[in-house]
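Below is one structure, written out as C-alpha cells; comments come after it.
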Amino acid sequence: MSIKKGKNYPYGIHVPDRKSLTEDKPIESMLAPEKVYVCMSQHIGAPAIPCVAVGDVVKKGVMVGQASGVISANVFASVSGTVVGIEDIVNALGQKLTYVVIENNHDESQTLFEDMTDFSPASLIERIRLAGIVGLGGAGFPTAVKLSPKSQLDVLIINGAECEPYLNCDYRLMLERTDDIYKGIKYAAAALKINRIIVGIEANKPQAIKAFERFDDLEVVILKKQYPMGSEKHLIYCTTGRKVPCGKMPFDVGVCVQNIKTMIACYEAIDLNKPLTETVITVSGNGVKEPKNLKVPLGTPFNTLVEYCGGLSEQTMKLVAGGPMMGKALVGLNQFTRKTDSGLLCLQREEISLQSATNCINCGMCAKNCPMRLMPMYIESFTLAGDYKNAERYGAMNCIECGSCAFNCPAKRALVQSISLAKVKIKEMKKNG
Ligand code: SF4
Ligand code: SF4
C-alpha cells in the first residue's frame, strides 16, 4: 500500500461543497418506471442507430441502439417490455434527440453476454466496447477507444475527486462497492498493459481513502479539496507532476484517466456479463424534499426521480442536470437519465444567484482563478463582438468549461456560455476553411 499527498496547484477555487445533504445516504435502487426513454445519444460521437421496431418485445439487456462508428456506443434496453415508440423528443436541455421508448412489463430477467474465456487485452476491450461503456463521469467518450491508445502508456489514474458540489454518487460507490471498483480497475490496467495505478481522492473523503488503502497494488493520492480537482489535466498534475500541454491529451504524457462508475461498468460487463443499463445519480438541493443517491435504469424520466425523492418544494427555483459548476440548467423535468448523468439538482433561492449581469469592471478575478490560466474577460468580449479569431488566439479552445471564472465574477458575466459559444464558432470556422 502506498499513500501520499498530491501536489498543489496554485489556481482553482474553493466552493461550498454542500455534500452533507446526501453524503451519508446509501445508494437506493429505485423501482423501474412504467416507461423508459432510452436515448441514442448518451455519448460523444455519432448517435447509436435504433435496431428495434415499434411493437417489438425486448428483454432488459437487449441491444436497442447500435453504435454507428468507432466514436459511438451501443445502447441497451434498461427494462423488459414492449417498444412503444422511436421518437425524436426535445428534452429539457433543448436538444432534439432520438429515443427508444419501452413500456415496462416488469419482467426482471435480463439478457446477458456469454461468459468470457479469453481475458487478453483485446478481448477485454472488445467486451467493454460491446457493453456500450463510455466515460461515465460526464465526458461520454467510448471507453474501449480510450483503452486502445496508439502508444504504450505507463500510468492509469482513477478519478475519485468528485469535486463538484452536491454530488456524492462516486463517493458512495467508493464506500459501498470498493471491491467491484478494484476489479474494474484491474481489468482496465490489464487492457492497457499498465502496472502503475493511482487512485486520486480529495481529502474531504477520508472514508473513501481508507477503503482503498488496503490494496497493495494501488497508489492512493490524497488531493487537496479544490475545484476543479477532477479535471483530467489538474488531476494528472496533482497525482504525477506531469503537465499536459495545451492542445495535448493525457495519452501524450503516458496517462489514461478513468472514472469510478466506469470501472464498475467494466467489472459488470466482464465478470457479470452485463451491458450498461443503469446509472447512479445524486438527486439533491434544498428544493427536493428527500435528497438521495439512486441507482436507476437508463431512460428514467427525471420527474419519476423527483417523485421518488418526495417531490419538489414550492420554493424550488432552478433545476440543473449535473453539478452546479459544470451542469446544465433544465427548463423542466422533461429529461431522462443517460449514461453520463451524475446529478439532478433542485435548487432554492439561497442556493443560486439571481443577480443580473452588469458591465465588466476589469477586476481580473476571472483570470486570477482560471485553472487554465486564460483571460476569460477578453475571450468573452471577443465572442460578443463576433471576433472568434481573437477568441481563439486568447485560448478559448483550452477552456475546460469549469465555471470558476463565472463563480468569481462580481458582475455575474455569463463567461462560460460565451466561451462555449466561441468554441462552437471556432470549430465551424475551421470546418468551413
Ligand atoms: S475560462 Fe474556462 S477554464 Fe478558465 S475558469 Fe472559465 S470556464 Fe474554467
Ligand atoms: S471577473 Fe467579471 S468583472 Fe472581473 S474582469 Fe472578469 S468578467 Fe470582468
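Some notes on this structure:
- Overall dimensions of segment 8-124 as given by Cα atoms, namely Rg and Dmax in Å: 18.8, 58
- With helices as the sole contributors, the chain gives -7500 deg cm²/dmol at 222 nm; each DSSP H run of n ≥ 4 counts as -39500 (n - 2.57), and the sum is divided by every residue.
- Size descriptors for segment 242-311 (Cα atoms only): Rg and Dmax, in that order, 17.5, 47 Å.
- Beta bridge orientation in the chain: antiparallel %, DSSP, nearest 5: 60
- Averaged over its residues, segment 199-298 has an accessible area of 31 Å² per residue, based on protein heavy atoms and a 1.4 Å probe.
- Centroid-to-centroid, using Cα positions, segment 78-121 and segment 130-151 are 19 Å apart.
- Expressed per residue, the C-alpha convex hull volume of segment 8-56 stands at 203 Å³.
- Carbon and sulfur %, accessible surface of the chain computed with the full protein complex present, 1.4 Å: 52
- Per-selection Rg to Rh, the chain - Cα, Kirkwood hydrodynamic radius: 0.95
- In the full protein context, segment 1-77 carries 51 Å² of accessible surface per residue, based on a 1.4 Å probe and ignoring ligands, DNA and RNA.
- Alpha-carbon centroid distance for the pair segment 43-73 / segment 363-395, whole angstrom: 39
- Each pair of Cα atoms in segment 305-401 enters the Kirkwood radius, and Stokes-Einstein at 10 °C and 1.306 mPa s then converts it into a translational diffusion coefficient of 98 µm²/s.
- The longest part of the chain holding none of the exposed loop GluC sites (Glu not before Pro), meaning those outside H, G, I, E and B in DSSP with at most 11 other Cβ atoms within 10 Å, is 115-313.
- Accessible area per residue for segment 365-431, computed on protein heavy atoms with a 1.4 Å probe, is 49 Å².
- C-alpha center-to-center spacing [segment 185-244, segment 404-433] in angstrom: 30
- For segment 45-181, alpha-carbon Rg and Dmax in angstrom: 17.3, 49
- For q = 0.23 Å⁻¹, Debye-computed log10 I/I(0) when each Cα of segment 365-431 counts as one equal scatterer: -0.87
- The trypsin sites (Lys or Arg not before Pro) found in segment 157-251 that occupy coil by DSSP, while having at most 13 further C-beta atoms within 10 Å, are Lys193, Arg214, Lys243, Lys248.
The values are calculated or read from the model by the stated rules, or taken from the named source; none is laboratory data. Note that the structure is a prediction, hence the values are computed from the model and not measured. Every residue, glycine among them, receives a Cβ derived from its backbone with ideal geometry; neighbour counts consider all protein chains shown. Just so you know, the surface numbers come from the protein's heavy atoms only, side chains and all, with ligands and any DNA or RNA stripped out. Shrake-Rupley method; radii C 1.70, N 1.55, O 1.52, S 1.80 Å.
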